[in-house]
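Colleague: Quick one: structure below, then a few questions.
The values are calculated or read from the model by the stated rules, or taken from the named source; none is laboratory data. Small disclaimer: the values here were computed from a predicted structure and weren't measured. As a convention, Cβ positions derive from the backbone with ideal geometry for all residues, glycine included, and neighbour counts pool all protein chains shown. The area values use the complete protein model at the heavy-atom level, side chains included, leaving out ligands, DNA and RNA. Shrake-Rupley method; radii C 1.70, N 1.55, O 1.52, S 1.80 Å.
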Amino acid sequence: MPTHPRAPDWPKGHSGHPVPHSDPFSFAGPVEIVAHRGYSARAPENTRVALELGLDAGADGVEFDLHATRDGIPVLFHDRTLNRTTDGTGPIDAWNADQLRRLDAGGWFASDFKGEPIPTLEEIACGVGQRAGRLYAEIKGYRRPEDLHEIVRVIAEADLAERTVFISMDWDALDRVRSVDSTALIGYIVDQASRAHAAIERTSGDPRALLDFGVDVLLAHPEQAEAASDAGIPLGAWTVNTVGQAEQLRTLGVARFTTNEVADLVAWKTTL
């Protein structure tokens, strides 16, 4: 896989302004609690209300998934198809953003959420996203490189670049993000133990990159967390839904916990 730009590009951002030398992944308190697809245990995932509920429950940040529509608009959505979480059908990228807006993305979860729409990234960035300490924007699907340019543009114009980490299992997508903005904060999602070594190699020496491991990967292979920590790489884990998992991961050097069970992990954080 191609490597992305490294330290020589960091002194100035895409706007030409100097990039701060402080840790871009720092946060208040002993750990960072991130609401997975919003508070997805209590509300329909990847909706405005789910993100709001996560922050209301005390999450430090929110995580959400992004797909590009047929007309190149980034929207919050997880699956490639609409079937599971809306009253629409078929691939999401076969629909225009205006068409998606008319779908119900909440009724599948509970009747109280019926009519909740699929939000655009711009709506979230300019609204509830301004409340979050950090946003983890997972790039799931896009049709052309210009779709990724649009994602980066929306975040930059909302003045959220220093609070947004673009994460993905598709590492080529992260390379493309860095081709648009060499100072972008990125996170390599490690969903399989076999990908850990390559992810550590990519991230080592990059002060604006982190690793985001699947919880089961790290618990089964704690030596991978040790290798990342030895290289000075910030670590996160998903989806951490029990305090027991969080405690185990914290002993491995993980400080960022993406969870469906926001209230439980926020309560645990208060005991640390």
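Colleague: Which whole-percent values make up P(r) of segment 43-85 when all C-alpha to C-alpha distances are grouped in 10 Å steps starting at zero?
Modeller: 27, 48, 23, 2
Colleague: Still on this structure: Could you work out the relative contact order of the chain, using alpha carbon pairs under 8 angstrom and six or more residues apart, expressed as a whole percent? Write out the running numbers ahead of the final one.
Modeller: On the way: 569 pairs, mean separation 54.7, N = 272.
So the answer I get is 20 percent.
Colleague: Also, I was wondering about something else. Quote to one decimal, in nm, the extra length available between R80 and Q99 on full extension: 0.36 nm per residue of separation minus the C-alpha distance between them. Provide the component values of the computation, followed by the final result.
Modeller: Numbers: separation 19, 0.36 × 19 = 6.84 nm, distance 1.61 nm.
Extending this stretch completely gives an extra 5.2 nm.
Colleague: Let me ask you something else. Can you work out the accessible area per residue across the chain, with the rest of the protein chains kept in place, probe 1.4 Å, in square angstrom?
Modeller: Values: 11450 Å² over 272 residues.
Counting only protein heavy atoms, the per-residue value for the chain is 42 Å².
Colleague: Here's a follow-up. What percent does the relative contact order of segment 73-202 come to when contacts are Cα pairs within less than 8 Å and at least six residues apart? Display every interim value, and only then the final one.
Modeller: Values: 170 pairs, mean separation 23.8, N = 130.
Answer for segment 73-202 is 18 percent.
Colleague: Just the number, please: percent antiparallel of the DSSP beta bridges in the chain, rounded to the nearest 5. Show your work: numbers first, answer last.
Modeller: Numbers: 6 of 39 bridges.
Roughly 15 percent of the beta bridges in the chain run antiparallel, per DSSP.
Colleague: Put one equal scatterer on each alpha carbon of the chain, apply the Debye formula with no solvent term, and list log10 I(q)/I(0) at q = 0.07, 0.14 1/Å to two decimals.
Modeller: The Cα Debye sum returns log10 ratios of -0.23, -0.97.
Colleague: For segment 73-189, treating each Cα as an identical point scatterer without solvent, what Debye log10 I(q)/I(0) comes out at q = 0.18, 0.19 1/Å?
Modeller: For segment 73-189, the Cα-only Debye profile gives -0.97, -1.06.
Colleague: Top mean-square fluctuation among T203, T86, T251, Gaussian network model of the chain, C-alpha springs under 10 Å?
Modeller: Ranking T203, T86, T251 by mean-square fluctuation puts T251 first.
Colleague: Right, another one. Under 8 Å for C-alpha pairs, at least 6 residues apart: give me the relative contact order for segment 133-272, rounded to a whole percent.
Modeller: Relative contact order for segment 133-272 comes out at 16 percent.
Colleague: Another one. Given a 1.4 Å probe and every protein chain left where it sits, what share in percent of the accessible area of the chain is carbon and sulfur? Let's see the in-between values first.
Modeller: Working: 5710 of 11450 Å².
The C+S portion of the solvent-accessible surface of the chain is 50 percent.
Colleague: Moving on to the next point. Provide the percentage of antiparallel DSSP beta bridges, counting only those with both residues in segment 20-135; round to the nearest 5.
Modeller: Roughly 50 percent of the DSSP beta bridges within segment 20-135 come out antiparallel.
Colleague: Can you tell which of A59, A125, A94 shows the greatest fluctuation in a Gaussian network model of the chain with Cα springs below 10 Å?
Modeller: So, out of A59, A125, A94, the one fluctuating most is A94.
Colleague: Any chance you could tell me what percent of the C-alpha pair distances in segment 185-272 go past 21 Å? Could the numbers behind the result be given before it?
Modeller: On the way: 968 of 3828 pairs.
Tail of the P(r) past 21 Å holds 25 percent of the pairs.
Colleague: Cα gyration tensor of segment 159-233, axes a ≥ b ≥ c as square roots of the eigenvalues: rounded (a/c below 1.5), prolate (a/b > b/c) or oblate? Working shown, then result.
Modeller: Working: a/c = 2.04, a/b = 1.79, b/c = 1.14.
Taking the square roots of the gyration eigenvalues as a ≥ b ≥ c, segment 159-233 is prolate.
Colleague: Stick to the Cα atoms of segment 123-164, pair each with every other, and give me the Kirkwood hydrodynamic radius in Å at one decimal.
Modeller: Working: mean 1/r = 0.0927 Å⁻¹.
Hydrodynamic radius (Kirkwood, Cα only) of segment 123-164 equals 10.8 Å.
Colleague: Something else now. I need the fraction of alpha carbon pairs in segment 65-126 separated by more than 13 Å, rounded to a whole percent. Provide the component values of the computation, followed by the final result.
Modeller: Details: 1078 of 1891 pairs.
Within segment 65-126, distances greater than 13 Å cover 57 percent of Cα pairs.
Colleague: Could you pull out every residue, at least 5 positions away or on a different chain, whose amide H is within less than 5 Å of the one on T81? Hs are placed 1.01 Å off N in the peptide plane, and Pro or chain starts have none.
Modeller: Residues meeting the criterion, in which the H sits 1.01 Å from N, are I92.
Colleague: Another one. If you plug each phi of segment 179-194 into the Karplus form 6.51 cos²θ - 1.76 cosθ + 1.60 with θ = phi - 60°, what whole-Hz ³J(HN,Hα) values come out, in order, with x for Gly and Pro?
Modeller: 6, 7, 9, 5, 9, 4, 7, 10, x, 7, 7, 10, 9, 9, 4, 5
Colleague: With loop defined by DSSP as not H, G, I, E or B, and exposure as at most 16 other Cβ atoms within 10 Å, which is the longest segment of the chain clear of exposed trypsin sites (Lys or Arg not before Pro)? Don't jump to the answer; show the numbers that get you there.
Modeller: On the way: sites that count: R6, R70, R80, R84, R102, K114, R143.
The longest such stretch corresponds to 144-272.
Colleague: Subtract the Cα-Cα distance of D56 and F27 from 0.36 nm times their separation in residues, and report this length gain in nm to one decimal. Walk me through the intermediate numbers first.
Modeller: Working: separation 29, 0.36 × 29 = 10.44 nm, distance 1.77 nm.
Extending this stretch completely gives an extra 8.7 nm.
Colleague: Here is a follow-up. For segment 39-74 and segment 246-261, what is the separation of their C-alpha centers, rounded to whole Å?
Modeller: 20 Å
Colleague: At 7 Å along the Cα-to-beta-carbon direction for both S179 and C126, put a label point, then send me their distance in nm to one decimal.
Modeller: 2.9 nm
Colleague: Given the DSSP H assignment, sum -39500 (n - 2.57) over each helix run of at least 4 residues in the chain and divide by its residue total; what's the result at 222 nm in deg cm²/dmol, nearest 500?
Modeller: On the way: 10 runs with 83 residues, N = 272.
Per the formula, -8500 deg cm²/dmol.
Colleague: Considering the chain as a Gaussian network with a 10 Å cut-off on Cα pairs, which listed residue, N96, N241, N46, attains the greatest mean-square fluctuation?
Modeller: Checking each option, the largest mean-square fluctuation is seen for N96.
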